[in-house]
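What follows is one structure encoded as structure tokens, with my remarks underneath.
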Amino acid sequence: MIRIEEISAEDTYPIRKNILRKNMSLSHVMHGDLDPETLHLGVFAEEELVCIGSFMKASFEGLSGSQYQLRGMAAREESQGKGFGKLLLERAELILSGKGIDIIWCNARITAVEFYEKLGYQVMGKQFEVPQVGAHFKMFKVLK
Ligand SMILES: CC(C)(COP(=O)(O)OP(=O)(O)OC[C@H]1O[C@@H](n2cnc3c(N)ncnc32)[C@H](O)[C@@H]1OP(=O)(O)O)[C@@H](O)C(=O)NCCC(=O)NCCS
């Protein structure tokens, strides 16, 4: 059985460490993790947490309207490509549009740009580097 639930910041840490911070000295703890407005979502498959994403109230100057930033988006290695990331983003869009949020944006790793594009996100601006992590693009989606 698959279910999507709100989880705590701490719940996200094992997958963040294993997938997003592997072989890096960057912290898996993110600024805004404990803000009351932050939404952490998890996809559970057979009771196991397999995919995570965190949505933080943050505005990017190049965009107008009420905004949330998606951070820490990751699926466990053996759970990638099974539709969990798509499920999580679709649920987040429902929740955030229900709260009157207009836009979700993120700093997308170049290797994940196509994933976000498939979910309706658009690239804006030029490619940029994040030390240790690599090439990124800013991407955004206007919620209906
Ligand atoms: C990127 C990631 C979060 C996507 O989650 P996922 O559960 O694997 O993705 P889904 O299975 O829901 O994929 C949805 C669609 O995007 C495609 N897709 C997923 N990851 C992709 C990628 N890295 N590149 C290109 N397409 C991708 C899938 O093939 C699927 O396409 P379809 O609808 O045509 O079948 C996950 O693969 C992951 O954790 N990757 C490593 C960490 C990472 O890069 N995180 C993002 C940081 S910005």
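FYI, it's all coordinate maths here, none of it is from the lab. Predicted model only: the values in this text are computed from it and were never measured. Neighbour counts run over all protein chains shown; Cβ positions are idealised from the backbone, glycine included.
What's the magnitude of the charge dipole for the chain around its Cα centre, counting Lys and Arg as +1 and Asp and Glu as -1 at the beta-carbon? Answer in Debye, nearest 20.
On the way: 18 positive and 19 negative charges, 89 e Å.
Around 420 debye, computed over the chain.
Which entries in K17/K57; K118/K144; K99/K126; K118/K138; K17/K86 show an alpha-carbon gap greater than 26 Å? In this structure, K99/K126 exceed 26 Å between Cα atoms.
The trypsin sites (Lys or Arg not before Pro) of region 14-95 that meet both conditions, a loop assignment by DSSP and at most 12 other Cβ atoms within 10 Å of the site Cβ, are K22.
With R₀ fixed at 25 Å, the C-beta to C-beta distance from I2 to F128 puts the FRET efficiency at about 0.10.
Put simply, the Cα atoms of region 2-142 extend 39, 35, 29 Å along their principal axes, the longest span coming first. The GNM of the chain, with springs linking C-alpha atoms under 10 angstrom apart, assigns the highest mean-square fluctuation among T111, T38, T12 to T111.
Between exposed GluC sites (Glu not before Pro) in the chain, where DSSP calls loop and at most 13 other Cβ atoms lie within 10 Å, what's the longest gap? Could the numbers behind the result be given before it?
Numbers: sites that count: E37, E46, E47, E61.
So the longest stretch without any such site is 62-144.
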